[in-house]
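The values are calculated or read from the model by the stated rules, or taken from the named source; none is laboratory data. Just so it is clear, the model here is predicted, and its values are computed rather than measured. Here the Cβ is made from the backbone with ideal geometry for all residues, glycine too, and neighbour counts use every protein chain on show. When the accessible area is computed, the model is the full protein with side chains, heavy atoms only, and any ligands, DNA or RNA have been set aside. Shrake-Rupley method; radii C 1.70, N 1.55, O 1.52, S 1.80 Å.
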Amino acid sequence: MRAFSVQRAVYLVLFLAPCGATVASAATPAEIEADWQRQDQSRMAQIQQTGTVRFAETDLAWPGVKREDRFRIPKQPAAKLDGLLDEPAWSGAAGIPAANPDGPSLRLMHDGKRFYAGIRMATASEAAYRGDPTAADAAGAVDGVKNGRYAFHSGHEPNPWWQVDLGRRQVIGKIVVYNRLDYEPGLHNADPLLILTSDDGRDWKLRYDNQGRHFGGTSGPPPLAVEFPSAPSPVEARYVRLQIRSSTPVFFHLDEVEVYATTVPGKNLALNRPARQSSLSMWSKGLGAGGALLTLGQAKLCFDASDPSRLVMGGSSLTDDAAGVTRQDGQTTIELALPLDRFPGGFPAELQPAEGPPRKLAAGGNWQLVYPEEPALGFGKNRLVVEVRTEGPLDPPVELSLETVVFTPIRPERNTAADRTLTGGGQVRLEFAVEHEGAAAVIVRARQGRIEFVDGRCFYVEPVRETLARAERLADEFRVAAPGQLSELKQQADHLAASERTQGPKTEARRALYRQARWLARRIAWENPKLGFSELLFVKRFTQETYPDVCLNHMPWCSRPGGDLCGLRWPEPDATAEVRNLIAGQLGPGHVHGLDLSWDADRIVFGYAKSKTSEPPQGWLDRRTNFDLRRTVEPTHIFEIGVDGANLRQLTCGEWSDLDPTYLANGDIAFVSERCGCSLQCNEYDKDETSCNLYVMEPDGTTIRRMSVTKDGDYLPHALDDGSLAYTRWEYQERGWANIQSVWVIRPDGTGADALFKQHFNDPWALEDMRSIPGSTKLAAIATGHHTLAAGPVVVIDAHRGMNNPDGIRIVTPGIDPPEGGMSGRPVPEGGVPGAGGYYMTPWPLSETTFLVSYSFGDPKRPPKGVTSEVDPTGYALYLIDVFGTKELIYRDPSISCFAPIPLRPRPRPPVVAEVTEPSRRDAVCAVADV
């Protein structure tokens, strides 16, 4: 057994003399501790968020934990539906004010049997709430308000339109259009305005073409005024439509539209009439409300479009015993009552007002549950004080319960800690114990019939014992004598836990002890014999931003220029170390795209996309420009360089991009290339979507031969320890559009291409970046999506369990989901790396238990899940992780991402697979069966 030492005494490989300037150092102690805090926050996110949580022993469909924030609907006596809102019960109802002066305001209550809604609004606004989802926005152009601002706002689309229904066929004498004046870039959007009319809303006749002339509104240039002759052929119509003639997408927005009659000068026929438009935008009124006064569940309350005097709910007319309506002095008042048993669960779960965000609903009673003071929660003995406020006895009683939940890596620990029956108000003291460490929550539930209160409080119990147990297990795995500090910290942890069980949480003491435990576990993790190297090779590169997708990552403009091949002197666990650049400007601006280290660790082969400047080309983020960019941007080529930064040479050239090279056992170099000239099956005609196949060349770049033949693409090849080549195949054969990326292998001579794993099961949608695990037949890989980078959870693949057996997947980072699609497989039995959020990339397995990886917590400007959520241009950093829960920052450059960590040391050369082809022959014998 080796002795544990804080400082590593021997380096197995000498640090190479730097060829470029020192650019940075490894993570500082402050950066390491800040990273631990973010890791703990990611564990907290796992218990806070809704979703499936994977533990070593089970999966849990978890609703998440949050404070009770539902909109409480108070219980009041039954009300008479007379449309007046004057009974005392309505004064105690919950209110939602109108979003604008003429819009609907709401009063809401229930009596235990029925749900009541009271609505008050301007009668003139009723036309906006007849069920058309665009009506509320379109109504702004006929509301009589002229202020120079936009009254409606279409989406970004070709030929957008707006129209008004005059109610019947009428003679039109003049139309006046007031332009929007408050947004200079949109002042001329309406210049190519057309005016059309129709009698039925289907067949339209062009009445006027503005032919690109500018017009104004309430100030500056006058509004557009179009007069129509009264004889000999007057313009008669029921519908008036305004449309922008534009074959390219454009926003349509105006201030006001007035339609005047010939027979009654000065009468605006369009005022407060029903209007609609071609689309909505993020700036539209009533977005999401669907033209309804309110929506409960899926049922919309609207005025009947065919008989506006009546109301419709969920497509059915409401009878007088369900709704009362009065119209008086320009105001419309509505009283609505709906049986509670029509709603799933006995109460509506959500209400969407006419404008504004939806509200989560909950039934309220004649009581409230509050916290007199914010609880301080933690390990050991806890006390939570809640107060029930009521004006009288609780009849029926309120059933109160408290549950504690702690997420450990192995299982969720759940315990019902208290149950009470309350018949009156007052304070209730709930005492309970928390006996586990990690992300934790206490959930208080109070129920009285249909009325339920659910409130959660999350807190973090710093996992001191968990961390020390991991340190002890690592020491045992590495066969190093456990340091004396481990025994000391275990004793301190026991004493602290005993004290907390009797006296309550000691937050600061636990936090300080946890910090010591983390440092000790990090130092022991650095004793892993698999870390017997003195330098780490890696790539600095801005994360791919242009159409982040494995099938298009070969475009040379997919990342910002910048970065380098770098060498990091392997740092001590609590000390910094230097980073050196290898290319060091020898190739000019650009970025590295794929690399491999030779078997004897003296050369590096890599793809490099040169750039004319240090900035990406114009239009690089727009896929529609890639045909033009292909003509002006140099393709990605393959180069080779010594590990000392000398002897740089170019291996490939030409009009096609070559990238992601890997050394084969015989010294040849396999890579992916566009030379095949194929295009994706889902290609869009106006976008270059050239795909890649596998190619191989001799060590000096000569004798380039095609290895694979597929129209849809082969990507991310890596030589395996058995001498074959693993890669991701994009294939639509016998599968749906999404679940198409499988693990394939091929012999170095291009024969024997076949699926190895995930050929015919769906989740994850793709497995990418496969590498052999030393001393094992298993592979390490990333589980990811169809339209995403090779980013997601780190997994171990055991293809021997069956090509189409999801049980062949073990998840090392079970809290991480692929950015797109589902996830199959089970967490590693040791529990893996805990915590939700972020993505891993470019894993380098050191063993079945330990991996070097790139990881990002996620770009806060992007959504946490979904396509492009994995794009973080500068956020990926280098980490050491293992199945026991280790996750330690090695190096981060806050200005650029870091990928592809590779130990700079010789590796066993795989066996050379014998050539079975005859390259000199132009013919072949093929056998076809089962056609």
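Structure notes:
- Taking strands (runs of 3 or more DSSP E) as the structural unit, those lying wholly within segment 506-582 and holding at least 3 residues that are modelled with pLDDT of 95 or more correspond to 535-540, 564-569.
- One residue alone among Arg501, Arg523, Arg541 is touching a residue at least 24 places away in the same chain (Cβ under 8 Å), within 29 Å of Asp893 (Cβ to Cβ), open to solvent by 40 Å² or more (accessible area, probe 1.4 Å) and not polar (S, T, N, Q), and that residue is Arg523.
- Test: residue in segment 729-745 that is in contact with a Gly (Cβ under 7 Å, 6 or more places away or on another chain) and over 25 Å from Gly51 (Cα atoms): yes
- Within the option set Gly567, Gly562, Gly590, being under 23 Å from Ile881 (Cβ atoms), assigned by the TED database to the domain that holds Gly885 and either of a type outside the set (A, V, I, L, M) or under 32 Å from the mean Cα position of the chain (by Cα) (or both) holds for one residue only, Gly567.
- Against the conditions (1) small (Gly, Ala, Ser); (2) buried (at least 17 other Cβ atoms within 10 Å of the Cβ); (3) closer than 18 Å to Ala441 by Cβ, Gly64 satisfies every one except (2).
- Applying the criterion of being within 34 Å of the chain's Cα centre (by Cα) and open to solvent by 60 Å² or more (accessible area, probe 1.4 Å) to the residues of segment 361-386, the residue that is nearest to Leu513 (Cα to Cα) is Ala376.
- Filter pass, Asp763 being within 22 Å of Tyr840 (Cβ to Cβ), part of a loop (DSSP other than H, G, I, E, B) and not hydroxyl-bearing (Ser, Thr, Tyr): yes
- Of all the residues in segment 215-230, those that are in a loop (DSSP other than H, G, I, E, B), within 15 Å of Thr263 (Cβ to Cβ) and open to solvent by 70 Å² or more (accessible area, probe 1.4 Å) number 2.
- Taking the numbered list (1) buried (at least 22 other Cβ atoms within 10 Å of the Cβ); (2) more than 21 Å from the chain's Cα centre (by Cα); (3) not polar (S, T, N, Q) in turn, Gly785 passes all entries but (2).
- Qualifying residue in segment 72-80 (condition: buried (at least 18 other Cβ atoms within 10 Å of the Cβ), polar (S, T, N, Q) and touching a Pro at 6+ places or on another chain (Cβ under 6 Å)): no
- Output for segment 652-683, where each listed residue is surrounded by fewer than 21 Cβ atoms within 10 Å (Cβ to Cβ), in contact (Cβ under 8 Å) with a residue 40 or more places away in the chain and of a type outside the set (S, T, N, Q): Ala665, Asp668, Leu680, Cys682
Here is a yes/no grid of residues against (1) touching a helix residue (DSSP H, G or I) at 6+ places or on another chain (Cβ under 6 Å); (2) surrounded by fewer than 17 Cβ atoms within 10 Å (Cβ to Cβ); (3) of a type in the set (A, V, I, L, M); (4) within 17 Å of Trp36 (Cα to Cα):
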site	(1), (2), (3), (4)
Val833	no, no, yes, yes
Tyr840	no, no, no, yes
Trp844	no, no, no, no
Gly866	no, yes, no, no
Val871	no, no, yes, no
Tyr879	no, no, no, yes
Phe899	no, no, no, no
Val916	no, yes, yes, no
Arg922	no, yes, no, no
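- Against the criterion of being closer than 20 Å to Leu725 by Cβ, touching a residue at least 24 places away in the same chain (Cβ under 8 Å), assigned to a loop (DSSP other than H, G, I, E, B) and charged (D, E, K, R), Lys711 qualifies.
- When Gly802, Gly825, Gly785 are checked against the criterion of being in contact with a strand residue (DSSP E or B) (Cβ under 9 Å, 6 or more places away or on another chain), under 21 Å from Pro863 (Cα atoms) and in the same structural domain as Tyr876 (by the TED database), a single residue qualifies: Gly785.
- Verdict on Arg389 being open to solvent by 30 Å² or more (accessible area, probe 1.4 Å), more than 30 Å from Thr813 (Cα to Cα), part of a strand (DSSP E or B) and touching a strand residue (DSSP E or B) at 6+ places or on another chain (Cβ under 7 Å): yes
- Which numbered condition Ala190 fails, given (1) assigned to a strand (DSSP E or B); (2) surrounded by 17 or more Cβ atoms within 10 Å (Cβ to Cβ); (3) among the hydrophobic types (A, V, I, L, M, F, W, C): (1)
- Filtered residue count, segment 447-467, keeping only those that are in a helix (DSSP H, G or I) and not hydroxyl-bearing (Ser, Thr, Tyr): 3
- Arg631 being at pLDDT below 95, surrounded by fewer than 18 Cβ atoms within 10 Å (Cβ to Cβ), farther than 21 Å from Pro661 by Cβ and not aliphatic (A, V, I, L, M): yes
- Single residue of Glu435, Glu500, Glu488, Glu462 found to be among the acidic types (Asp, Glu), more than 33 Å from the chain's Cα centre (by Cα), closer than 24 Å to Gln39 by Cα and at pLDDT 95 or above: Glu435
- Among residues that are closer than 26 Å to Val796 by Cα and part of a strand (DSSP E or B), Val743 is included.
- Residue among Ala292, Ala275, Ala299 that alone is within 26 Å of Arg310 (Cα to Cα) and free of Cβ contacts under 8 Å to residues at least 40 places away in the same chain: Ala299
- Of all residues in segment 271-327, those satisfying the criterion of being crowded, with 20+ Cβ neighbours inside 10 Å, within 32 Å of the chain's Cα centre (by Cα) and either within 30 Å of Gly186 (Cβ to Cβ) or polar (S, T, N, Q) (or both) are Gln277, Leu280, Ser284, Lys285, Gly286, Ala289, Gly291, Ala292, Thr295.
- Whichever residue in segment 435-457 is touching a Leu at 6+ places or on another chain (Cβ under 9 Å) and open to solvent by 40 Å² or more (accessible area, probe 1.4 Å) and, among such residues, is farthest from Gly815 (Cα to Cα): Arg450
- Which listed residue is open to solvent by less than 70 Å² (accessible area, probe 1.4 Å) and either in a loop (DSSP other than H, G, I, E, B) or hydroxyl-bearing (Ser, Thr, Tyr) (or both), from Gly95, Gly112, Gly118: Gly112
- Residue in segment 477-485 that is touching an Asp or Glu at 6+ places or on another chain (Cβ under 8 Å), under 14 Å from Ala512 (Cα atoms) and either modelled with pLDDT under 95 or surrounded by 17 or more Cβ atoms within 10 Å (Cβ to Cβ) (or both) present: no
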